[in-house]
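Q: Before we start, here is the structure in question, set down as structure tokens.
The values are calculated or read from the model by the stated rules, or taken from the named source; none is laboratory data. Note that the structure is predicted; figures quoted are calculated from it, not measured. All Cβ positions, glycine included, derive from the backbone under ideal geometry; neighbour counts span all protein chains shown. When the accessible area is computed, the model is the full protein with side chains, heavy atoms only, and any ligands, DNA or RNA have been set aside. Shrake-Rupley method; radii C 1.70, N 1.55, O 1.52, S 1.80 Å.
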Amino acid sequence: MIDRFETTPLPRRIPVTVLGATGLVGQRLIALLAEHPWFVLAHVTGSARTQGMRYGDAVRWRVETPPPSAALDLPVEPPTPAASLAGHIVCSALPASEAETIEPLYAAAGALVFSNASAYRMAADVPLIIPEINPDHLAALATQRQRRGWSGALVTNPNCSTIGLALALAPLQRFGLRRVLVTTLQAASGAGYPGVASLDLLDNVIPYIGGEEDKIETETRKILGAWSDTAFAPIPADAMRISATCTRVPVRDGHLETVSVEFDERVTPDDIIAAWQAYAGEPQQRQLPTAPPQPLVYRKDAARPQPLYDRLAGHGMAVTLGRLRPCEVLDYKFVCLSHNTIRGAAGAALLNAELAYARGLLA
Ligand code: NAP
């Protein structure tokens, strides 16, 4: 079980529906919600394969700790919203194709929907949030509600590799970030369950993940950009060039990324490490339950970070950085690691929900 951070208990916990609760991200959400101080698991949904079954019978549990007993007897429901879901949180772990049609139904019924899926991440009125970086993008919800006529709303979290990269880059923006080269070594669990066949992945590296490189390049610009009144203003491609190569490796959990960066200003390694170590945002100021006290951890050891040893830093919510050194082509290079189903998915959605709740958006 992932330990909780200390918080003040509320008189009534807010009900949460998990869409796609039987998948890898859905399971992480169920585990993270088990002892959540503000939220309580109320409903779980699945596909036609599992609807009507008891959750404990439907799920192939793949989290290291046992499934929470409160979830086991819940019925797996179809993803059909009740007539009114005002004041209700929905965390979506649906495939993008299903999310596209199902998530708007929940937002229209009044729920605040926090989605892991890519379907709406780049939509003009949907915030793509990493709470440490761009909590102000939640202002887009007023425009979203006006345009779409929803009483609820839809908030997304980024692709699992984008999250680690964007968190590593955000404190470096002050140095005039000009160019970024990133190569990812992504874990098997990033492909969902059952994911890539073992005979394709064992003893192998697959140098292609469909759609992933474009997501890293475009999502990072939206997150590090601004929201100005009625529209997002992503960082233009000619102001910050990002080039990504994505590979799948036979690691269970944890996406490793090798990154090279170029700056406008002269920067020393100490400047970069100090910027990472001092980095904190609204989740830390508000002490949100899922927020790590230190979102970026720099390790000086020569051969770190490693997925096996570093993916659970900050209860899976911290990004571990290491191997900062000069780059012969750009200015510096480093290695970055984040847990793809916790900081990269379930924990990210939950942190977004906590941020929205703490800002009074659930009233
Ligand atoms: P997964 O293991 O394949 O789980 C998919 C879930 O969606 C299952 O609960 C499945 O239910 C349900 N589902 C599938 N088709 C459905 C349908 N037609 N109607 C209703 N429910 C349906 O996938 P995952 O890895 O958890 O990923 C979930 C989402 O998060 C995806 O959009 C993915 O891109 C995104 N994401 C994943 C990661 C990661 O590291 N895995 C990271 C970031 C974002 P049944 O089990 O009942 O079939």
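Q: Stretch ARG174-LEU105 to full length: gain in nm at 0.36 nm per residue minus the Cα-Cα span?
A: Using 0.36 nm per residue and subtracting the Cα-Cα distance, I get 20.8 nm.
Q: Run the 1.4 Å probe and let me know the accessible area of ILE209, rounded to the nearest 10 Å².
A: Approximately 20 Å² of ILE209 is accessible to the 1.4 Å probe.
Q: Using Cα-Cα distances under 8 Å and only pairs 6 or more residues apart, what relative contact order does the range 4-85 have, in percent?
A: RCO, the range 4-85: 31 percent.
Q: Could you tell me which helices of the chain pass both thresholds, a Cα extent of 30 Å or more along their own axis and a mean Kyte-Doolittle hydropathy of at least 0.5, with helices taken as whole DSSP H runs?
A: none
Q: Now for a different question. P(r) tail for the range 276-318, what percent of Cα pairs lie past 14 Å?
A: The calculated P(r) of the range 276-318 puts 50 percent of pairs beyond 14 Å.
Q: Something else now. Pick from ALA237, ALA168, ALA119 the residue whose mean-square fluctuation is largest in a GNM of the chain, springs joining Cα atoms under 10 Å.
A: ALA237
Q: Further, regarding this structure: Need one number: nm distance between label points at ALA239 and ASP271, each 7 Å from Cα along Cα→Cβ, rounded to one decimal.
A: 2.0 nm
Q: How big, on average over all directions, is the shadow cast by the Cα convex hull of the chain, in nm²?
A: 17.6 nm²
Q: Out of the DSSP beta bridges found with both residues in the range 160-340, what percent are antiparallel (nearest 5)?
A: For the range 160-340, the DSSP antiparallel bridge percentage is about 65.
Q: What whole number of Å gives the distance from the Cα centroid of the range 103-160 to the Cα centroid of the range 167-181?
A: After rounding, the separation between the Cα centres reads 25 Å.
Q: Taking 0.36 nm per residue of sequence separation and subtracting the Cα-Cα distance, how much length would be gained by fully extending the chain between ALA280 and ALA42, in nm to one decimal?
A: 82.5 nm
Q: Just add up the charged neighbours of TRP150: K/R +1, D/E -1, any other residue whose Cβ is under 12 Å from the Cβ of TRP150.
A: +1
Q: Moving on to the next point. What is the distance, in nm, between label points placed 7 Å from the Cα along the Cα-to-Cβ direction at ASP57 and at ARG252?
A: 2.8 nm
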